[in-house]
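Right, one structure below, let's go through it.
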Amino acid sequence: MIETKTYASRRAALLAQMQSGIAIVPTAPQRVRNRDSEYLYRYDSYFYYLCGFQEPEAVLVLVAGDEPKSLLFCREKNLERETWDGFRFGPEAAREAFGVDAAYPIGQLDEMLPGLIANQPALYYAPGMDAGWDARIMDWLNQVRAQSRTGVSAPQHIHDVRTSLDEMRLVKDAGELDLMRRAAAISAKAHERAMRATRPGTMEYEIEAELLYAFRRGGAQFPAYWPIVAGGANACILHYSENSARLDDGALLLIDAGCELDGYASDITRTFPVNGKFQGAQKDIYELVLAAQAAAIAATRPGVVWDAPHEAAVRVLAQGMIDFGLCQGSLEKVLETGDYKRYYMHRTGHWLGLDVHDVGEYKIDGKWRPLTAGMTLTVEPGCYIRAAEGVPEAFWNIGVRIEDDVLVCAEGCEVITAATPKSVADIENLVGKD
Ligand code: GLY
Ligand code: MN
Ligand code: MN
């Protein structure tokens, strides 16, 4: 759990970086799925990071300066609406529970914001994130500009509030790491459950159901992204999402699935044989990807640049592709020409946190940034071989990815998803053993 004082210190850190000016951070809108049914609500990650408030129709306003202030605008209490839709804090209880300096009904936003923006030297928000908010914030700004002849000044500078927030979110604190470890543990159990439930003839969606059951049963609120359950040739479609095919005896099954717990994502991929026994070429490719992942994890430590794990994985994969006759020529040539990209076309990882593809720059001043302790990322090499002329037939339709979530430590790294079975022996012992 993230403590109230942690949210307060995040707001204080942002206010200190701003020095002066006003920041406006709205939460996400509720979205209609069809007619009057809505998608399950998920708050905005920036907003939630700064205050932990989970209701829709809320805006956080931070005013920097000598006396920095945090103001929350939220829905009023409304016993009739609460009978239909559930509990609402209301401004008074929200102020107390979330430790902001003041809270107001969301209905007062248009009335109060021009006054709060007036005479501030700078305005911070997230331009382009939502067209509705862009227009509304510009309208408040123009209302202030219209008062210029009365001596009121409008902000001279407009900044993207995400520049500071992305860097803050990139390095996780103890509370965040606790949640990420717990999300990882739930997802690891879900993968084990999926392995146990798999046997020839099972449908991909039946395995999807096992994953979703295990996520919710473990206390997670959502899948962090929709699970990919891809049997046989479907594993070579990187963003396969139908999950509707029958799992054939002799095929591999690739599962990319992770839950979201209290806002924090996990992201795990495992690949295993539907019948519980890796066949020759499947085992070759599986062990190649496993070795590539081990090399990438070994290259994940503070001080190395972001690209180092990717480079380590690519070297191992490219050499294997040459050894198996999938690529021709020397290792240096295959790396230089990028010929390996025929079978490995994505990068080896991404930041992980409140968003599955979390925020944070990968390059600083045009150069890959160094890893530092507290950063969390995925390490997910793969190899995807479609049936094609010139490709040795034994490898056709083999798609393998192995993905773990990794925390950069003071020295080296910690694989927080390590409990998810991964060795050939562990997998063969589990698949089909309900
Ligand atoms: N599940 C999304 C990814 O692995 O990046
Ligand atoms: Mn990933
Ligand atoms: Mn994934």
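Out of residues 5 or more away from ALA103 or on other chains, whose amide H comes under 5 Å of its own, with H placed 1.01 Å from N in the peptide plane?
Those lying under 5 Å, H to H, from ALA103 are LEU72.
Shape verdict for the stretch 341-434, please, from the Cα gyration tensor: rounded (a/c under 1.5), prolate (a/b greater than b/c) or oblate.
Here the stretch 341-434 falls in the oblate category.
Dipole of the chain, Cα-centred, from +1 at each Lys and Arg C-beta and -1 at each Asp and Glu C-beta, to the nearest 20 debye?
40 debye
Once you put a point 7 Å from the Cα of ASN34 and another 7 Å from the Cα of ASP101, both along the Cβ direction, what distance in nm separates them?
4.8 nm
Residue by residue through the stretch 24-40, what is 3J(HN,Hα) from phi via Karplus (6.51 cos²θ - 1.76 cosθ + 1.60, θ = phi - 60°)? Round to whole Hz and write x for glycine and proline.
Per residue, the Karplus-derived 3J(HN,Hα) values read 10, 10, x, 7, 6, x, 6, 10, 7, 8, 7, 6, 10, 9, 10, 5, 4 Hz.
With springs only between Cα atoms under 10 Å, which of ALA294, ALA28, ALA131 fluctuates most in a Gaussian network model of the chain?
With Cα springs under 10 Å in the chain, the top fluctuation among ALA294, ALA28, ALA131 is at ALA131.
Given Cα pairs under 8 Å that are at least 6 residues apart, what percent is the relative contact order of the stretch 157-217?
Once divided by the residue count of the stretch 157-217, the mean separation gives 33 percent.
When the Karplus curve 6.51 cos²θ - 1.76 cosθ + 1.60 is applied with θ = phi - 60°, which whole-Hz ³J(HN,Hα) does each residue of the stretch 403-417 get, with x for Gly and Pro?
Along the stretch 403-417, the couplings run 10, 10, 9, 10, 9, 6, 9, 4, 10, x, 8, 10, 8, 6, 9 Hz.
Over 25 Å, how big is the tail of the calculated P(r) for the stretch 1-131, in percent of all Cα pairs?
Here the tail beyond 25 Å accounts for 25 percent of pairs.
Arrange THR420, THR6 by Cβ neighbour counts within 10 Å, fewest through most, would you?
Ordered by Cβ neighbours within 10 Å, fewest first: THR6, THR420.
Given the alpha-carbon gyration tensor of the stretch 229-360, what are the semi-axes of its equivalent ellipsoid in whole angstrom, ordered largest first, with each equal to the square root of 5 times an eigenvalue?
Each semi-axis is √(5λ); the values are 24, 24, 12 Å.
Please identify which residues in the stretch 56-89 have an amide N closer than 19 Å to a label point set 7 Å out from the Cα of SER20, following the Cα→Cβ vector.
Within reach of a label on SER20, which here means backbone N under 19 Å from a point 7 Å along Cα→Cβ, the stretch 56-89 contributes 62-70.
Which stretch or stretches of the stretch 105-136 have amide N atoms under 12 Å from the point lying 7 Å from ASN142's Cα along the Cα→Cβ direction?
Output list for this probe position: 135-136.
When Lys and Arg each count +1 and Asp and Glu each count -1, what net charge do the other residues less than 13 Å away from GLY128, Cβ to Cβ, add up to?
Net charge around GLY128: -2.
Quick check: the distance between the Cα centres of the stretch 50-71 and the stretch 191-244, to the nearest angstrom?
If you average the Cα positions of each part, the centres end up 38 Å apart.
Can you grab the distance from the C-alpha centre of the stretch 132-179 to the C-alpha centre of the stretch 261-336, Å, no decimals?
Centre-to-centre (Cα) distance: 41 Å.
Could you calculate the FRET efficiency of LEU79 with ARG216 from 1/(1 + (r/R0)^6), where r is the beta carbon distance between them and R0 is 35 Å, rounded to 0.05?
Working from the Cβ atoms, E equals 0.75.
Under a GNM of the chain (C-alpha, springs under 10 Å), which listed residue has the highest mean-square fluctuation: ALA295, ALA184, ALA230?
ALA295
With everything on Cα atoms, drop me the angle between helix 131-145 and the longest principal axis of the chain, reported from 0 to 90° to the nearest 10.
That works out to roughly 30 degrees.
Report relative contact order for the stretch 244-367 in percent, whole number only (criteria: Cα-Cα under 8 Å, sequence separation at least 6).
20 percent
Can you list residues whose amide H is under 5 Å from ALA28's amide H, if they're 5+ apart or on another chain and H is modeled 1.01 Å from N?
Distant-sequence amide H within range of ALA28: ASP44.
Once you have the Cα-Cα distance between ALA93 and MET345, take 0.36 nm times their residue separation minus that, and quote the gain in nm to one decimal.
Full-extension gain reported as 85.7 nm.
Run the numbers on the chain and let me know its relative contact order in percent, using alpha-carbon pairs under 8 Å that are six or more apart.
Relative contact order, the chain: 14 percent.
Stick to Cα atoms and the Kirkwood definition of Rh, then tell me Rg/Rh for the chain.
Here Rg/Rh amounts to 1.04.
Counting Lys and Arg as +1 and Asp and Glu as -1, what is the net charge of the other residues whose Cβ lies under 12 Å from the Cβ of ASP323?
Combined, the nearby Lys, Arg, Asp and Glu give -2.
Would you calculate the separation in nanometres between label points at TYR205 and ASP166, each defined as 7 Å from the Cα along the Cα-to-beta-carbon direction?
3.9 nm
None of the figures in this text is laboratory data; all of them are computed from the coordinates on show. This is a predicted model, so every value here is computed, not measured. Neighbour counts run over all protein chains shown; Cβ positions are idealised from the backbone, glycine included.
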